[in-house]
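First comes the structure, then the notes that go with it.
Taken together, the values in this text are just the output of simple stated rules run on the coordinates, not laboratory data. What you see is a predicted model; the values in this text were computed from it and never measured. Because the Cβ atoms are built from the backbone with ideal geometry, glycine has one as well, and the counts that use them run over all protein chains shown.
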Amino acid sequence: MLDTHFFSFSDGTLCCDSVRLDELAQQFGTPLFVTSRQSLVSQYRSFEEAFASLPHFTCYSVKANFNLSVIRALAQEGSGCDVNSGGELYRALKAGVPAEKIIMAGIGKSEAEIKYALTSGVLLLKAESVSELRAIDRVASRLGKVASVAIRINPNVTAETHPYITTGDSKEKFGIDEAELGEVFNLFKTLPNLSLQGLDMHIGSQIFDPEYYVAATQKLLDVLESARHLGFDIKWFDLGGGFPVTYDPQKPATPITKFAEKLIPMVEDKGVTVIFEPGRFLTANASVILTRILYRKRNHVGKEFFIVDAGMTELIRPALYQSHHEVLAVTRHDKSIVADVVGPICESSDFFTRQRAIDDAAEGELLAVLSSGAYGAVMSSNYNGRLRPAEVMVDGDEVTLTRRRETYEQLVQNEL
């Protein structure tokens with residue numbers, strides 16, 4: 001089991017903080033996302049402690065988990081927000097995050113989204129192409145505003161992670177190529193409604209080796225020197241997110257302190273405020289999915305299946321990234337069995353585990369899919385006409401319903 005005291009066994013039953021998960025399933029049904037508020041806060045504070053000596057501003061990456069209660073819990077600790085769309089901006093504002101503590105990213109922002117960001121008064125718009133810079137200037141001109149802009153640089157650093165979550169390689173769609181920087185700097189001299197105030201990068205997610213950050217940060221520091229030489233007053237230096245978390249106990253994440261030890265000496269005396277954008281790091285291990293075993297079956301070659309009521313519509317990561325999630329029986333058993341834990345969706349990729357030892361639980365019992373707090377509910381879908389599950393937040397012994405379970409009526413409410 002993952003090393004966390006926010007989800008632990010008490011008298012043989014898995015609990016979130018001091019609340020039994022079987023009682024939550026009885027009250028709210030399954031599938032059910034269960035989030036520990038104390039886990040969110042603890043993880044945020046550990047991040048802040050690691051970088052305490054560095055002038056910095058932490059902006060929670062809302063794409064990891066956009067539940068309003070999750071955003072609000074982190075904002076109450078002092079976090080800003082990094083958003084990637086008009087919808088995420090709306091959620092952050094709805095959760096009570098001041099616009100001046102929000103930065104807006106996204107490689108394909110529409111003019112409507114740019115207008116929404118500028119009229120809301122966000123801290124920075126992060127641009128990823130020459131064409132986008134021109135679009136921001138047009139919208140700002142119509143509004144009679146000067147847009148505060150950061151440019152996202154593609155540092156061409158290929159980190160060792162899943163190819164679908166690497167974002168700092170020149171083969172990928174993200175950021176402005178370093179070969180274009182001369183054109184970009186000249187463009188700022190001709191676009192009166194833009195103010196270049198920040199530099200930004202993001203090299204991917206689940207980056208275990210700090211040396212990839214070191215290499216990319218050095219490239220961004222070179223850009224900072226060039227920008228200042230040309231007369232630009234750069235205030236913000238955004239190193240992105242992507243810091244790792246533990247999904248598989250056999251592959252523990254590198255401690256955040258190891259990244260701080262490498263990065264702080266590189267940037268502490270550069271006269272900038274460093275922005276960080278942790279998302280998964282804060283939320284991944286703060287939530288589990290509770291799911292009930294509907295059926296058990298065994299095929300003619302002796303392979304065992306646990307068929308549960310959650311699936312890839314609730315957590316697509318195993319299907320999309322072949323990612324590992326620990327799965328535990330909520331009630332401990334003395335005996336285990338090797339089985340696939342699979343969902344009810346009509347796809348062969350709809351599984352949580354393949355041929356893994358799991359408690360020998362019976363039909364009707366509960367399982368918990370761990371590390372489901374990042375890229376779980378936010379990537380859920382109604383495929384197969386599925387209803388998105390309810391979500392609850394636990395704080396000690398207090399339980400709050402933070403999202404109601406969808407209804408069949410809601411499945412068709414926007415159709416004519």
Gain in span if fully extended, SER46 to LYS270, counting 0.36 nm per residue against the direct Cα distance: 78.2 nm
Size of electric dipole in segment 227-310: Cβ of Lys, Arg +1 and of Asp, Glu -1, about Cα centre, debye, nearest 20: 580
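Where both partners of a DSSP beta bridge lie in segment 105-278, what percent of those bridges are antiparallel, to the nearest 5?
5
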Positive-end residue of PHE57, PHE174, GLN355, charge dipole of the chain with Cβ unit charges: PHE174
Theoretical ellipticity at 222 nm over the chain - DSSP helices of four or more residues, -39500 (n - 2.57) apiece, nearest 500: -8500 deg cm²/dmol
Footprinting exposure proxy for TYR408, TYR383, TYR213 (fewest neighbouring C-beta atoms within 10 Å first): TYR408, TYR383, TYR213
GLU261 paired with ALA362, simple spin-label distance in nm, labels 7 Å along Cα-to-beta-carbon: 5.1
Gain on full stretching of the segment that runs from ARG142 to HIS5 - 0.36 nm per residue minus C-alpha separation: 44.0 nm
Given charges at beta-carbon only (K, R positive; D, E negative), |dipole| of the chain in Debye: 780
Inter-probe distance in nm under a simple model that places probes 7 Å from Cα toward Cβ, at LYS303 and ARG20: 3.6
Acute angle (nearest 10 degrees) that the helix 210-229 long axis makes with the longest principal axis of the chain, alpha-carbon atoms: 20
Order of GLU178, GLU415, GLU100 under a 10 Å beta carbon neighbour criterion, fewest first: GLU415, GLU100, GLU178
Rounded to 10°, Cα long-axis angle of helix 37-50 versus longest principal axis of the chain: 40
Hz values of 3J(HN,Hα) by residue in segment 54-69 - Karplus curve (6.51, -1.76, 1.60), Gly and Pro given as x: 9, x, 8, 9, 8, 10, 4, 7, 4, 4, 5, 6, 9, 4, 4, 5
Whichever lysines have a C-alpha closer than 25 Å to that of LYS219, once near sequence neighbours (fewer than 8 apart) are set aside: LYS126, LYS171, LYS173, LYS189, LYS235, LYS258, LYS262, LYS270
Between helix 130-143 and the chain: long-axis angle, C-alpha atoms, 0 to 90°, nearest 10: 80
Antiparallel %, DSSP beta bridges [both residues in the chain], to 5: 50
Value of Rg/Rh across the chain [Cα atoms, Kirkwood radius]: 1.00
Top positive-direction residue, dipole computed over the chain with Cβ charges, set THR190, VAL245, VAL341: THR190
Cα pair count fraction exceeding 19 Å, expressed as % - segment 105-278: 57
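Mind listing which trypsin sites (Lys or Arg not before Pro) in segment 314-392 are in a DSSP loop and have 13 or fewer other Cβ atoms within 10 Å?
The qualifying sites are ARG332, LYS335.
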Amide H partners (placed H, <5 Å) of ASP238, local residues excluded: LEU199, ASP200, MET201, ILE275
Size of electric dipole in segment 105-278: Cβ of Lys, Arg +1 and of Asp, Glu -1, about Cα centre, debye, nearest 20: 620
Cα lying deepest toward the dipole's positive end in segment 308-416, options LEU367, LEU320, GLY396, charges on Cβ: LEU320
Inter-site label distance for GLN218 and SER336 at 7 Å from Cα along Cβ, in nm: 4.3
Potential extension, LEU416-ASP233 segment - 0.36 nm per residue separation minus Cα distance: 60.7 nm
Whole-Hz ³J(HN,Hα) from phi, Karplus 6.51 cos²θ - 1.76 cosθ + 1.60, for segment 89-105, glycine and proline x: 4, 4, 5, 4, 5, 4, 7, x, 7, x, 4, 6, 10, 10, 10, 10, 9
